[in-house]
Amino acid sequence: MTEPSAAERAAALPGDDLVPVAEVVLDRACTLPRPPEQVWPWLVQLGKARAGWYLPRRLEYLMPPSRRGLRRIDPRWQKLAVGDVIPDWGGKQASFQVALLDPGASLVYWSSRGRTNLSWAIVLHPLPGEQTRLQFRLRLAPVRHRRIAELAGGFLDQLSILGLAAGLRERLLDS
């Protein structure tokens, strides 16, 4: 995974307006060895009570089989629409709602955790050589302890996206 460029961080992304005055913005990016149309089906099925969260095989072996992400495209998870609610691992009642959906280009979730609103954008940019630049942006506001959210939340976000990027890359190369 590479850090997003200054231009990527500065660019407006779909869903930025869902949390317009974000107090914390976490940007991540990676380049994947397949075109957006091959990456998209994996992103659509992502999530708890769906295809799971993709991690590299070597890490998934440490998890119970029921918690491992799928290693194939499953047609039953390919239907996703604005308004759909996806459970999240952030607690029993935690969930994301699909706010924006532009097949092959962007998927944006919205959620509220206590008094904090958040948006999570996943944006695909085609690159030469049949590759995809995948950009993730998490926006939060209001945030009671901004510095803690930036440091601790940023660390957890980076670990999550590192695992996702590596697991997704493995699945794309295996398919």
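A few points about this structure:
- The condition of being touching a strand residue (DSSP E or B) at 6+ places or on another chain (Cβ under 7 Å) and without any contact (Cβ under 8 Å) to a residue 40 or more places away in the chain holds for only one of VAL82, VAL123, VAL108, VAL143, that being VAL82.
- From ALA94, ALA51, ALA7, ALA29, residue being more than 20 Å from ARG113 (Cα to Cα) and surrounded by fewer than 17 Cβ atoms within 10 Å (Cβ to Cβ): ALA7
- Residue identified as over 14 Å from GLY167 (Cβ atoms) and either hydrophobic (A, V, I, L, M, F, W, C) or surrounded by 13 or more Cβ atoms within 10 Å (Cβ to Cβ) (or both) among GLU23, GLU60: GLU23
- Complete set of residues in segment 82-109 that are outside any loop (DSSP other than H, G, I, E, B) and in contact with a Lys or Arg (Cβ under 6 Å, 6 or more places away or on another chain): PRO87
- Only residues that are touching an Asp or Glu at 6+ places or on another chain (Cβ under 8 Å) and more than 15 Å from PRO128 (Cα to Cα) were counted across segment 23-39, and they come to 5.
- Scanning segment 109-118 for residues that are surrounded by 19 or more Cβ atoms within 10 Å (Cβ to Cβ) and among the small types (Gly, Ala, Ser) gives a single hit, SER111.
- Screening ARG139, ARG133, ARG58, ARG76 for residues that are out of contact with any His (no Cβ under 6 Å at 6 or more places or on another chain) and not in a helix (DSSP H, G or I) leaves exactly one candidate, ARG139.
- Residue match in segment 148-164 (condition: among the small types (Gly, Ala, Ser), modelled with pLDDT of 95 or more and within 23 Å of VAL21 (Cα to Cα)): no
- Test for SER106: is it surrounded by 12 or more Cβ atoms within 10 Å (Cβ to Cβ), closer than 26 Å to VAL24 by Cβ and modelled with pLDDT under 95: no
The values are calculated or read from the model by the stated rules, or taken from the named source; none is laboratory data. Model, not experiment: these values are computed from the prediction. With ideal geometry, Cβ positions are generated from the backbone for all residues, glycine too; neighbour counts draw on all protein chains shown.
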